[in-house]
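Please treat every number below as a calculation from the coordinates, not as lab data. Quick caveat, the model's predicted, so the values are computed rather than measured. Neighbour counts run over all protein chains shown; Cβ positions are idealised from the backbone, glycine included.
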Amino acid sequence: MVQDLLNSLTLGSIYLLFALGMALVWGTIGILNFAHGSIFMFATFVAYLVTERVALPLPAVLIVASLTGAVLSVAVQVLAFQPIMRRAKNQHSAELQILIGGIGIAAVPIALAQRATLSNPFGLGQSTFQVQIYEIGDVRVSNIMIIILLAGLILGGGVAWWVKASRQGLALRAIGVNDEVASIMGINKQRLALSTMALGGALAGLAGALLTYYLSAITPESGDALLIKAFAAIVLGGLGSIAGVIAGSLILALSETMVLTYTSGTWVNAVSFGLIFLILVIRPQGIFGRKEVVRT
Amino acid sequence: MNFFTTNIILVENTLVVILLALSIQIPLRLGVFSFAAIGYYAIGAYGSAILMLEFGWGSWEAMIVATLAATAIAFLLGLVLARLTGLYLGMATIAFDLILVVLVLNGGSLTGGPVGVFGVLGSIHLWHLALAVVIVLGLLTFTERGKLARRFDAVREDPQLASSMGINVFSYRRLSFVISGVLGALAGSFAVNLRSTVAPESIGFGLVVLGLTVIIVGGQGSWVGAVIGASIFVWLPKFLEFVGDWEEVIYGIIVVLAAIFIPGGIVGLFVEAKHRRQSKRNKEVIELAATRLAGSGEGASDANSQVEGALSD
């Protein structure tokens, strides 16, 4: 039981790191980034390529992955999403174009990684960090689990604080409520969007490297599944609420672990899909979201 | 003829993808972000296959019943998801599609689990499918002309305005779910009858992406877009053979470029060109009118007749 809880918390922290970036970008500048999953994967892939040549210590690997994630994310914003938003005639078509653009971009890094690895899983085993497992009573904890939990706790709390208390956070929330008024108040949406995308990408890269240490390898396609799970976590908590993303990630991880424990593994994916569907039908604004009234 | 027989599978795929793409396009034309088409496709394909293999039904009976079932589910989905709009609706319907994938993966001997269903031998031929596509396209033409087309546009572009004009926005949206259900299920049923097999990976997220890219690159506004898009993306791999391993990369880049530079799709390009021609002509007319006003007197009657000539074009 304690073991299940610990595993869920670890998995939940990974979901959180991944979903935080997505939620920030979507909830404020209104971009649902479908390339987020492939950024997550490709950042890890770059870290893998680097560790194949140089045996780096863990902090260096995490920095490489985060930086790659941030750079990729900014590139996607500059090369695709910004031109789309500049050209789109209204919000509705912008949303659709961004969705498609993200899907198209996502295909490129996945194809590159598949080509390089021949679709085999890749890991970060060549770095100097070794996973160690400690047994406390009958609970097994590994050092990477502790690092993941700490990362989830610190970064989850940190981002929540940043959005709530800092000036940039206030500006971001203002854009989320009404970007026209926000720009009248002197907020530079473009610049803020770039830094938010960079943060989101960095978090995705970090999540990728940590998950790869935890599972010992990931495949080039693993970002896609996470994308849907992150979406589930975000709508579960309610878009625009960082506390919601934290709660959503943990609830999702907990329910998945339960399903994995009590049924055969093939039903696990139904949890995230089912949760998305249920929450959107019953309470579209999510657990923490406020109701927005739209008549038509 | 030789070209046709060697590429018969691609022709077949093109027609199936046209139906599937239309099943996504009709809701989009009414501003409904529903990707449930892939779910209806799955119900059509697996429904037909199971009815034919387990119950010994004929192709046509199985197709009709599977399509009715999918349509009923589509109607219910339309009721249940009526409150959602935009991306939320999109993701809820994607979740619906993926739940079906998990269901067929766990369906035991009925759905064949991860391997899928094999040996669906029916009495349906390619020309049946071609005829069905032609009929559907013919019917859709009526929604793209005149009053009905304007109503569709109003419901999509400005639901508030549309309902203030007495258009029942909700019933149009519900209707889009039903039509989507029929088209999606037909696509699935035809596909399984012609290919004789269906597997979970052929009804997954990849199909959602294919359907969506077909519509975006081809064009959202008209069935012509679905036909162009389906033709491009079914035949593209054949023409990209020379790039070998880079096919997926090029595919991704094409999709991104289309998303950025041709928001209206390929059909949109033609529509835009037409508008530009028209506005250019209008401008010329206005200039002529201006010269006529400026130089009232000599040459005025000449310019006058020119303007009239231009306007009557």
If R0 is 60 Å, what FRET efficiency do you get for residue B:118 and residue A:184 from their C-beta distance, rounded to 0.05? 0.45
In this structure, the FRET efficiency calculated for residue A:91 and residue B:274 from their beta-carbon separation, with R0 = 30 Å, to the nearest 0.05, is 0.70
Just tell me which aspartates and glutamates come within less than 17 Å, Cα to Cα, of residue B:238; anything on the same chain fewer than 8 places away is out. B:12, B:247, B:248
In nm, the gap between the two label points placed 7 Å beyond Cα toward Cβ at residue B:137 and residue B:160 is 4.0 nm
Longest site-free stretch - chain B; sites: GluC sites (Glu not before Pro), DSSP loop, at most 16 other Cβ within 10 Å: B:145-297
Sort A:145, B:165 so the one with the fewest other Cβ atoms within 10 Å of its own Cβ comes first. B:165, A:145
What are the ³J(HN,Hα) couplings of the range A:268-283, residue after residue, when phi is run through the Karplus curve with 6.51, -1.76, 1.60 and θ = phi - 60°? Round to Hz, x for glycine and proline. 3, 5, 4, 4, 5, 5, x, 5, 4, 4, 4, 5, 5, 6, 7, 9
Work out from phi, with θ = phi - 60° and the Karplus expression 6.51 cos²θ - 1.76 cosθ + 1.60, the ³J(HN,Hα) of each residue of the range B:161-170, listed in order in whole Hz, and give x for Gly and Pro. 4, 4, 6, 6, 8, x, 8, 7, 4, 5
When the distances between all Cα atoms of the protein assembly as shown are binned every 20 Å from zero, what whole-number percent does each bin get? 18, 50, 26, 5, 1, 0
